[in-house]
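Below you'll find the structure, written out as C-alpha cells, and then a few comments.
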Amino acid sequence: MRTQPIGSEVAEPNEASDPSAPSFLNAFNLACLTKTLRIANGLMLLSVFLFCLTLLFSMTITIVGRLGGIRHICRAFFMSLIMLVLLLPWHVIFDSLVCGYLYRPEDLVLACERKSTELLPLILHYLRFAGFWLVVCGFLMAAQFHCRRWAHSIRRRLQII
C-alpha cells in the first residue's frame, strides 16, 4: 500500500465531474439572474429613496428648529439626490443615450454578447458594469460624512458633548 502526500489526491470519477449532474453553475440560469437583479434593483432604489427622504426630513427639522449644522445636512441631502439621479436606469427612458447604475438582465446579456477588441468599448463596458458603483458609493460615503458632521454640530449646539 502506497501512501500519498496530503495535497496530492487521486482524481476519482464521481458525479461532480459528470456534465449531466446538477451543480451550482448548471442551476444558475437567466431566470435566476433576472430574479436576483430585479430584487437587488428594487431594494437599491427603495433604500436610496428612503435615505433621501430621511435627509429631507432631517433638514426640515433642522431648519424649523434652528438647530445649526444646516450646511452639513444640506450638502448631505444634495449628495443623496445626486446619488439617486446616478442610480436611476436612464437608459430605459432615453434609449441608451445616458446610462444609470441600475441595469436590466437584458442589458447585461447584450453587453456580454457584444465582444469587442477595441479599447474604448471595452473600457466603457467595464466602467458601466464594474466601475460605476465606485462613483455611487463615493457619493454615499460623502453624504454619510456630512451627516456625521451635522450630528456632531447639533450635539455641540445642544451641549450634549
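Each reported figure results from applying straightforward, stated rules to the coordinates on display, with no laboratory input. Just so you know, these numbers come straight off a predicted model, no measurement behind them. Cβ placement follows ideal geometry from the backbone for every residue including glycine, while neighbour counts extend to all protein chains displayed.
At a glance:
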quantity	calculated
Normalised contact order of segment 64-146, rounded percent, pairs of Cα under 8 Å and 6 or more residues apart	43 percent
15 Å cut-off, amide nitrogen to a point 7 angstrom out along R156 Cα→Cβ, residues in segment 52-71	67-71
Calculated log₁₀ intensity ratio I(q)/I(0) where the Debye formula runs over C-alpha points of segment 25-115, q = 0.11, 0.20, 0.26 Å⁻¹	-0.47, -0.96, -1.24
Burial ranking of peptide ranges 116-126, 51-61, 75-85 (average Cβ count within 10 Å, highest at the top)	75-85, 51-61, 116-126
